[in-house]
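One structure is given here, and the rest of the page talks about it.
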Amino acid sequence: MKNVRTAILILVVLFIAGCSQDQAVNSSKEEQEESVDVNEQLNVELILPEKAKVGESIEIKALVTQGNEAVDDAHEVVFEIWKEEEKDHSEMMDYTEYEEGYYSIKISLDEPGVYHIQSHVTARGMHIMPVKQVVIEEE
């Protein structure tokens, strides 16, 4: 009787050990798949016109992707705008619209000159800050 209990106990221990090993293998496979996604570089393409007229409404977009997929869960998308030589007086604006990876705002600038637009995008543990410029001309 004692041998039967010992044999059953050994079988139960072996069964439990085998199950936990399978679970550990499955967990590490899932972690590897997730880490591949996380390790892909975040990409931000800043899209805006090269020129516009004073007072004209322009759309500024940041296309946020990771690999071949649009990022729809960015933690932060802010556009910083300043006139040439006046970075100390920049204005920060949160995005107002989102559609399939495109975070955007619409603005109009009331003075002619060269303006710099920088997007500050934080998503999936990364922070990207591309800069482009637009020339605002008199009408």
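The values are calculated or read from the model by the stated rules, or taken from the named source; none is laboratory data. Keep in mind that this is a model prediction, so the values were computed, not measured. Ideal geometry is used to build each Cβ from the backbone, glycine not excepted, and the neighbour counts take in all protein chains shown. We work out accessible area using only protein heavy atoms, side chains counted, and drop any ligands, DNA or RNA first. Shrake-Rupley method; radii C 1.70, N 1.55, O 1.52, S 1.80 Å.
In the range 87-139, carbon and sulfur make up what percent of the accessible area (probe 1.4 Å)? Spell out each step's value before the answer.
Values: 1550 of 3350 Å².
Here carbon and sulfur together make up 46 percent of the probe-accessible area.
What accessible area per residue, rounded to a whole number of Å², is obtained for the range 57-114 using a probe radius of 1.4 Å?
On the way: 3630 Å² over 58 residues.
About 63 Å² of surface per residue is accessible.
Between Ser57 and Met93, what length comes free when the chain is fully extended (0.36 nm per residue of separation minus the Cα-Cα distance, one decimal in nm)? Please report the intermediate quantities before stating the final value.
Values: separation 36, 0.36 × 36 = 12.96 nm, distance 1.52 nm.
Gain on extension, Ser57 to Met93, equals 11.4 nm.
If you take every residue apart from Glu99 with its C-beta less than 10 Å away from the C-beta of Glu99, what net charge results, scoring Lys and Arg +1 and Asp and Glu -1?
Surrounding charge for Glu99 is -2.
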